[in-house]
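Shown next, in structure tokens, is the structure this report addresses.
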Amino acid sequence: MWGGRFAEGPAAVMREINASLPFDKRLWRQDIAGSKAHVAMLAAQGIVSAEDGAAISEGLDRVAAEYGETLPDDLALEDIHMATESRLAQLIGTPAGRLHTARSRNDQVATDFRLWVRDAIDAVDQGLAAFQRALVTRAGEHADSVMPGFTHLQVAQPVTLGHHLMAYYEMASRDRSRFNDARTRLNRSPLGAAALAGTGFPIDRAATAAALGFDGPTDNSLDSVSDRDFALDYLMAATQCALHLSRLAEEVILWASQPFGFVRLSDQWSTGSSIMPQKRNPDAAELVRGHAGRIQGCMVALTTTMKGLPLAYSKDMQDDKPPVFEAHDLLALSLAAMTGMVETLDFRIDRMRAAAEMGFATATDLADWLVRQADIPFREAHHITGRAVKLAEAKGIALDRLTLEEMRDIDPRIDARVFDVLSVDASVAARASHGGTAPVRVREAVAAARRQLGMDA
């Protein structure tokens with residue numbers, strides 16, 4: 001490619017370290033699309049002849065057909081961009097040499113990579129929507145199912161399983177928003193920025209931007225070829241998404257353990273042991289949890305690569321793609337796995353309910369009742385409730401199993417109406433504030449989510 005300047009070829013190690021073809025060949029669809037848009041613009045502007053433009057476009061289609069069967073692997077070609085141009089020259093001859101007019105690999109790769117990340121975001125959004133549909137479906141099934149809500153992993157207050165699952169729906173909604181924001185920011189075309197300073201040819205950057213589905217061309221040629229914010233945006237959104245998936249994975253792991261017994265994993269999403277026949281291991285959930293660390297590592301890798309680079313392009317930026325590719329592959333696997341697990345989890349609602357009835361989860365309901373019915377300041381009500389909990393704990397019974405006499409010995413202002421609020425069902429039903437765990441609120445949230453996801457269309 002640069003034989004006019006160099007008398008000797010690169011050393012073998014130099015050829016290997018310099019080549020990006022082993023990983024960037026997955027950009028081939030975007031590279032073909034970018035090249036076709038570029039040559040169509042060159043022909044429209046009279047920079048290349050209509051005949052050469054047509055020959056190049058037809059040749060690129062032939063190259064694409066070949067790539068659909070086998071991708072190139074010759075390291076001497078360096079990258080997918082030069083591999084495509086080389087194969088095009090073999091197919092159509094001299095006109096292929098005109099394809100790179102008014103274009104550099106710097107703006108070419110920046111364009112291809114943006115197109116790939118845009119496609120990746122669209123794929124992730126589809127995966128997140130499927131995950132949300134699974135959550136919403138199971139939440140609707142369990143709008144009334146009582147489970148313990150935890151703080152500090154200690155039983156805190158009763159909640160409904162549907163409410164718990166809808167919390168992850170909200171997380172996924174924010175993930176989709178972050179990816180959508182990233183997509184909006186990246187959707188401007190660097191094609192035509194050339195190496196770093198633009199070009200003297202009378203190109204039409206708006207035309208190529210429109211042909212590739214961008215909102216318009218980028219506005220500064222230096223920034224166009226040196227910017228990788230779009231890749232960082234993707235990785236940061238992917239990291240946050242993986243964090244959310246990891247939190248749910250951790251809960252599935254805990255819930256599937258015998259001490260909890262809240263869920264039973266299906267055979268599809270669990271494995272056995274090579275030595276212990278009784279084991280049903282939550283390996284899929286554990287791998288999702290592990291993938292979150294690797295995805296975060298990809299984000300750190302690229303931020304570290306980019307942190308000290310002067311304008312415009314440096315070869316360090318060749319290492320921008322592997323962490324994005326790796327993170328995307330891991331995130332796609334994690335989303336598919338978590339969606340499958342949510343769809344097939346066997347929730348043991350009897351165990352969940354029993355756990356909610358332990359740990360004095362309705363203590364706050366007693367304190368709230370004292371405030372509402374006996375006009376006791378909350379702090380005093382808190383102390384009265386604490387004494388009731390202490391007594392129930394000493395007797396080894398649930399709070400609602402104390403007798404009225406025992407309650408009145410603690411505070412005479414307590415009357416029989418208190419037992420209306422001490423059951424777990426009464427507790428969750430009472431939490432009917434906006435965003436609360438009451439079954440009526442959960443059903444409303446599920447209905448709104450189903451409309452948003454188009455599930456009832």
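If we scan segment 283-302, do we find a residue that is without any contact (Cβ under 8 Å) to a residue 24 or more places away in the chain, in contact with a strand residue (DSSP E or B) (Cβ under 6 Å, 6 or more places away or on another chain) and not hydrophobic (A, V, I, L, M, F, W, C)? Within segment 283-302, one or more residues are without any contact (Cβ under 8 Å) to a residue 24 or more places away in the chain, in contact with a strand residue (DSSP E or B) (Cβ under 6 Å, 6 or more places away or on another chain) and not hydrophobic (A, V, I, L, M, F, W, C). Screening segment 157-197 for residues that are part of a loop (DSSP other than H, G, I, E, B) and touching a strand residue (DSSP E or B) at 6+ places or on another chain (Cβ under 7 Å) and picking the one that is most open to solvent (accessible area, probe 1.4 Å) gives 188.
Listed here are the residues, each with its yes/no results for (1) among the aromatic types (Phe, Trp, Tyr); (2) in the same structural domain as residue 120 (by the TED database); (3) on the phi < 0 side of the Ramachandran plot; (4) not in a loop (DSSP other than H, G, I, E, B).
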| residue | (1), (2), (3), (4) |
| --- | --- |
| 25 | no, no, yes, yes |
| 28 | yes, no, yes, yes |
| 31 | no, no, yes, yes |
| 34 | no, no, yes, yes |
| 38 | no, no, yes, yes |
| 43 | no, no, yes, yes |
| 56 | no, no, yes, yes |
| 62 | no, no, yes, yes |
| 73 | no, no, yes, no |
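Every listed requirement among (1) assigned to a helix (DSSP H, G or I); (2) of a type outside the set (Val, Ile, Thr); (3) surrounded by 22 or more Cβ atoms within 10 Å (Cβ to Cβ) is met by residue 361 save one, (1).
Within segment 198-211, residues that are closer than 19 Å to residue 226 by Cβ and in a loop (DSSP other than H, G, I, E, B) have Cβ atoms under 6 Å from residues that are open to solvent by less than 70 Å² (accessible area, probe 1.4 Å) and not aromatic (Phe, Trp, Tyr) in these pairs: 198/221; 199/102, counting only partners at least 6 apart in sequence or on another chain.
Per-residue answers, yes or no, for (1) in the same structural domain as residue 126 (by the TED database); (2) under 30 Å from residue 261 (Cβ atoms); (3) at pLDDT 95 or above; (4) among the polar types (S, T, N, Q):
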| residue | (1), (2), (3), (4) |
| --- | --- |
| 163 | yes, yes, yes, no |
| 177 | yes, no, yes, yes |
| 180 | yes, no, yes, yes |
| 191 | no, no, yes, no |
| 197 | no, no, yes, no |
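Just one of (1) of a type in the set (A, V, I, L, M); (2) touching a helix residue (DSSP H, G or I) at 6+ places or on another chain (Cβ under 9 Å); (3) open to solvent by less than 60 Å² (accessible area, probe 1.4 Å); (4) in a helix (DSSP H, G or I) fails for residue 448. It is (2). Filtering 329, 319 for residues that are acidic (Asp, Glu), closer than 27 Å to residue 114 by Cβ, at pLDDT 95 or above and open to solvent by 20 Å² or more (accessible area, probe 1.4 Å) leaves a single hit, 329.
The values are calculated or read from the model by the stated rules, or taken from the named source; none is laboratory data. Computed from a prediction, not measured in an experiment: that's the story for all the values here. Neighbour counts are summed over all protein chains in view; Cβ atoms, including those assigned to glycine, are modelled from backbone coordinates with ideal geometry. Note: areas computed on protein heavy atoms with side chains; ligands, DNA, RNA excluded. Shrake-Rupley method; radii C 1.70, N 1.55, O 1.52, S 1.80 Å.
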